[in-house]
Amino acid sequence: MMNKPKFETTNLTAENVTKIAEIFPGVVTEGKVNFDLLRSLLGDEVYGDEAYEFTWVGKRAAIAEAGRPIRKTLRPCPEESKNWDTTENLYIEGDNLDVLKLLQESYLGKVKMIYIDPPYNTGNDFIYRDNFTRDKDEYDQEAGVYDEDGDRLLRNTESNGRFHSDWCSMMYPRLVLARNLLRDDGVIFISIDDNEVAQLRKICDEVFGESNFIAQLIWHSRQNKDNRNISGVSIDHEYIICYTKQSGQRSFRGTERKTDQYTNPDNDPRGAWTSANMVGLATADARPNLHYDLINPNTGIKYRCPPKGWRYDKKTMRKLIDEDRILWPETPEGRPRKKTFLADLSDTLPGFSSILEDGLYTNTATKEITFLFGGHWFDFPKPVNLLRII
């Protein structure tokens, strides 16, 4: 018999309360958490308004939205699909918040990587309600800037916050649900620009944990200078914010190491090698043990100590000489170098640069979209190579 589909998502808030009750049964009564008792059991003091936090009008509702269940389900559409029985791809059309909630049961803790390209809050997009601005009077009233008698409260509010509150409320529950889907070693990449990057970093620090921040990648999005900016500065870049679900995980394997320079012209049995500089970086006063002359034991040629000395002390240098790892110049004016073998390199790859390679322009992506779909369907798409890199 075919299983009857569920038409309501899991109540994540209720599940979290149940988990708290399993650890601290005394703090939960009739499904409600006594937070003052929980804080005291954890040995924490209540600091009230002195605690540091990032907040905005509507934050409580945004937090609650992440755990609120919905009475919806996903409906398969094989008639609109290609290779329904064999494809390994899944395309879901719907409100992204609803979809994230519907994916919780099947994909909880199973996703390796998530990439999202949210509205930038520029006021120029038409697909999403991307200009989340509030009327100042409306914002001041909701933010509690005035008391019940209409008197202005002595609270230092950031008036510009009215331009960000709704955007933050839109992002918060989606990021909470996205984090739930990640594996322990999973990562999330989020495209953003200067309009909301500061707010996004604060939200992600709260949702994923500040210690789980990996990098703020920079990519050259604009190929041609923008002379319309009133500041006189052409903003030619965007960001990709990256967080991992758990700290301590090496989320990037690094970049592939270039090995073209490794050869074996002398048929060394240890394999391919390249020459490496052995000149140091310290003065004689700072590191006197690195300042000495070198003598080729086979020819007797003496090589003067470089002004900044060598990278190795005499003991280490003696070991390199005994292992025949030094390349000796034919004249005393030359500088001895070290043989570095390809086989000696560690498995750890070189680090991934936070500044991505050039050529990843939005106009390149526009051309890709036009080629694939025969038209200009939306503004500022991301190029395929950008996604391939991450």
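Could you pull out the residue among Asp185, Asp260 that is in contact (Cβ under 8 Å) with a residue 60 or more places away in the chain and not polar (S, T, N, Q)?
None of the others qualify; the one that does is Asp185.
Within segment 245-255, identify whether any single residue is within 24 Å of Leu386 (Cα to Cα), among the polar types (S, T, N, Q) and either in contact with a His (Cβ under 6 Å, 6 or more places away or on another chain) or modelled with pLDDT of 90 or more (or both), and answer yes or no.
There is no residue in segment 245-255 that is within 24 Å of Leu386 (Cα to Cα), among the polar types (S, T, N, Q) and either in contact with a His (Cβ under 6 Å, 6 or more places away or on another chain) or modelled with pLDDT of 90 or more (or both).
Check Tyr312 against each of (1) among the hydroxyl-bearing types (Ser, Thr, Tyr); (2) surrounded by fewer than 16 Cβ atoms within 10 Å (Cβ to Cβ); (3) over 30 Å from Lys112 (Cα atoms) and name the one condition it does not meet.
Going through the list (1) among the hydroxyl-bearing types (Ser, Thr, Tyr); (2) surrounded by fewer than 16 Cβ atoms within 10 Å (Cβ to Cβ); (3) over 30 Å from Lys112 (Cα atoms), Tyr312 breaks only (2).
Of (1) assigned to a helix (DSSP H, G or I); (2) without any contact (Cβ under 8 Å) to a residue 12 or more places away in the chain, Gly300 satisfies all except one. Which?
Of the numbered conditions (1) assigned to a helix (DSSP H, G or I); (2) without any contact (Cβ under 8 Å) to a residue 12 or more places away in the chain, the odd one out for Gly300 is (1).
Take Ile321 and tell me if it is of a type in the set (A, V, I, L, M, F, W, C), outside the structural domain of Phe380 (by TED's automatic domain parsing), free of Cβ contacts under 8 Å to residues at least 12 places away in the same chain and surrounded by 11 or more Cβ atoms within 10 Å (Cβ to Cβ). First the steps, then the outcome.
Numbers: of a type in the set (A, V, I, L, M, F, W, C): yes; outside the structural domain of Phe380 (by TED's automatic domain parsing): yes; free of Cβ contacts under 8 Å to residues at least 12 places away in the same chain: no; surrounded by 11 or more Cβ atoms within 10 Å (Cβ to Cβ): yes.
Judged against the criteria, Ile321 is not a match.
Mind listing whichever residues of segment 185-221 are small (Gly, Ala, Ser) and either in a strand (DSSP E or B) or crowded, with 17+ Cβ neighbours inside 10 Å (or both)?
Those that are small (Gly, Ala, Ser) and either in a strand (DSSP E or B) or crowded, with 17+ Cβ neighbours inside 10 Å (or both): Gly186, Ser191, Ala215, Ser221.
Regarding Thr29, is this residue at pLDDT below 90, surrounded by 11 or more Cβ atoms within 10 Å (Cβ to Cβ) and over 26 Å from Ser169 (Cβ atoms)?
Yes: the conditions hold for Thr29.
Does segment 346-358 contain any residue that is closer than 30 Å to His220 by Cβ, of a type in the set (Phe, Trp, Tyr) and within 40 Å of the chain's Cα centre (by Cα)?
First, the residues of segment 346-358 that are closer than 30 Å to His220 by Cβ: 348-358.
From what's left, of a type in the set (Phe, Trp, Tyr): 352.
Filter once more, keeping what is within 40 Å of the chain's Cα centre (by Cα): 352.
Yes - at least one qualifying residue is present in segment 346-358.
The values are calculated or read from the model by the stated rules, or taken from the named source; none is laboratory data. Note that the coordinates shown come from a computational prediction; the quantities given were computed from them, not determined experimentally. Please note: Cβ atoms are built from the backbone with ideal geometry, for glycine as well, and neighbour counts cover all protein chains shown.
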